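Report on the following structure.
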Amino acid sequence: MRFRILGQTCLKVSILGFGGLSIGYRKVNEKDAVAVLNRALDLGVNFIHTSCERSYGDSAHKIGKVMKERRDECFLAVKIGASQRTKEQAEELLTKTLKVLNTDHVEIAHFRAPLRTFPKAMRPGGPYEAFEEARREGVIDYIGVTGHNVDFLVEAVKTKAFSNLITPFNYVANSAKEKLLPLAADLNVGVIAMKALGKGGLRNSSQALRYVWNHDVDTAIVGMSKLSEVEENVAAANNLRPLAQNEREELRKMAEKIVKAGRLSSFGSVKR
Ligand SMILES: NC(=O)c1ccc[n+]([C@@H]2O[C@H](COP(=O)([O-])OP(=O)(O)OC[C@H]3O[C@@H](n4cnc5c(N)ncnc54)[C@H](OP(=O)(O)O)[C@@H]3O)[C@@H](O)[C@H]2O)c1
């Protein structure tokens, strides 16, 4: 496995991270989900992202089963704030998340707020205050920011309130490379890519991941619900090399086709 330092944090993260969304779906049973995550840890993946928000189903519960035995082998990042509008609501979700994950501390909590309500969410009494308090108390080490809107992430990073961020980034939805990635590099803010495989809509997974890792990105949190996916993606990380001119051209043509066919959502997902 290859590792990179996540921006101004002290975390040396595997370039392939474990995106918890996929195992939260009902079609993946607990036994299989546990086996998939164990395999990822065995192969060197040390960064796991999840949430107790509704859209993640029972992802955190399944990850918590593995954390009972292997918490010291990985860094945990959790998302809070999609529907938490107050400090108390954010505290409540953080407490619940830790409990479900069978831990008393996570390395990163990712702050999520829509652009419209962002200034309010940052004020005293808003969810950001819960993050600051949790950091002071040693419940979290670092505060990150997450969102699907790249313009929002640019504004959030400019506040200097976040040491790392999660952005959608793949060879089709790649607007982050214009302003966000250079700004993050300038300010040494760690970059975590999500939707690197367009939510499963980009089938040439190894090239798609190499595209992401060959930009100023520290790690890609990839949703994996099968052992074969873990193994293929780890192999891509281990064999990381720059894309050749013909591969870049191939990806550019595929991206053009996907956009033209209207298969790209504004979230960086690609309809299959
Ligand atoms: N913070 C936020 O606001 C936010 C929002 C959304 C997501 N996220 C995080 O970002 C992570 C990544 O996003 P995502 O899971 O939606 O999208 P993604 O990583 O682009 O795609 C995941 C899907 O790709 C497929 N896949 C994985 N490896 C593959 C391989 N080697 N070959 C073929 N297909 C492969 C799997 O599909 P199948 O399951 O069909 O096999 C998997 O469900 C999430 O898991 C979540 O942790 C964060």
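The values are calculated or read from the model by the stated rules, or taken from the named source; none is laboratory data. All values derive from a computational prediction rather than experimental measurement. We place every Cβ from the backbone using ideal geometry, glycine too, and count neighbours over all the protein chains shown.
Return a yes/no flag: does segment 115-122 have any residue that is under 19 Å from GLU53 (Cβ atoms), assigned to a helix (DSSP H, G or I) and at pLDDT 95 or above.
Within segment 115-122, none of the residues are under 19 Å from GLU53 (Cβ atoms), assigned to a helix (DSSP H, G or I) and at pLDDT 95 or above.
Suppose the filter is farther than 18 Å from GLY198 by Cα, at pLDDT 95 or above and not hydroxyl-bearing (Ser, Thr, Tyr); does ASN214 pass it?
On the way: farther than 18 Å from GLY198 by Cα: no; at pLDDT 95 or above: yes; not hydroxyl-bearing (Ser, Thr, Tyr): yes.
No; evaluated as a whole, the condition is false for this residue.
So which residues in segment 94-114 are within 17 Å of CYS52 (Cα to Cα) and at pLDDT below 95?
Filtering segment 94-114 down to residues within 17 Å of CYS52 (Cα to Cα) leaves 94-113.
Scanning segment 94-114 gives PHE111, ARG112, ALA113.
Of all the residues that make up segment 74-84, how many are closer than 15 Å to VAL145 by Cα and either away from the ligand (no atom under 12 Å from the Cβ) or at pLDDT below 90 (or both)?
The total comes to 4.
If only one of ALA134, ALA185, ALA130 is away from the ligand (no atom under 16 Å from the Cβ), in contact (Cβ under 8 Å) with a residue 40 or more places away in the chain and surrounded by fewer than 24 Cβ atoms within 10 Å (Cβ to Cβ), which one is it?
One residue alone meets the criteria, ALA134.
Can you tell me which residue is farthest from HIS49 (Cα to Cα) among those in segment 192-216 that are within 13 Å of the ligand (Cβ to nearest atom), among the hydrophobic types (A, V, I, L, M, F, W, C) and in contact with a strand residue (DSSP E or B) (Cβ under 9 Å, 6 or more places away or on another chain)? I'd like the intermediate steps shown before the answer.
To start, the set of residues in segment 192-216 that are within 13 Å of the ligand (Cβ to nearest atom) comprises 192-212.
Filter again for among the hydrophobic types (A, V, I, L, M, F, W, C), leaving 192-194, 196-197, 202, 208-209, 212.
Subset that is in contact with a strand residue (DSSP E or B) (Cβ under 9 Å, 6 or more places away or on another chain): 192-194, 196-197, 202, 209, 212.
Values: ILE192: 10, ALA193: 11, MET194: 10, ALA196: 14, LEU197: 16, LEU202: 21, LEU209: 17, VAL212: 18 Å.
Going through the qualifying residues, I end up with LEU202.
Output the residue which, of all residues in segment 215-264 that are among the polar types (S, T, N, Q) and within 23 Å of GLY17 (Cα to Cα), is surrounded by the most Cβ atoms within 10 Å (Cβ to Cβ). Talk me through it step by step, then tell me what you get.
Taking segment 215-264 as the starting set, the residues that turn out to be among the polar types (S, T, N, Q) are 219, 225, 228, 233, 238-239, 245-246.
Within this subset, residues satisfying the condition of being within 23 Å of GLY17 (Cα to Cα) are 219, 225, 228, 233, 238-239.
Values: THR219: 32, SER225: 17, SER228: 10, ASN233: 24, ASN238: 13, ASN239: 10.
Among those residues, the one meeting the criterion is THR219.
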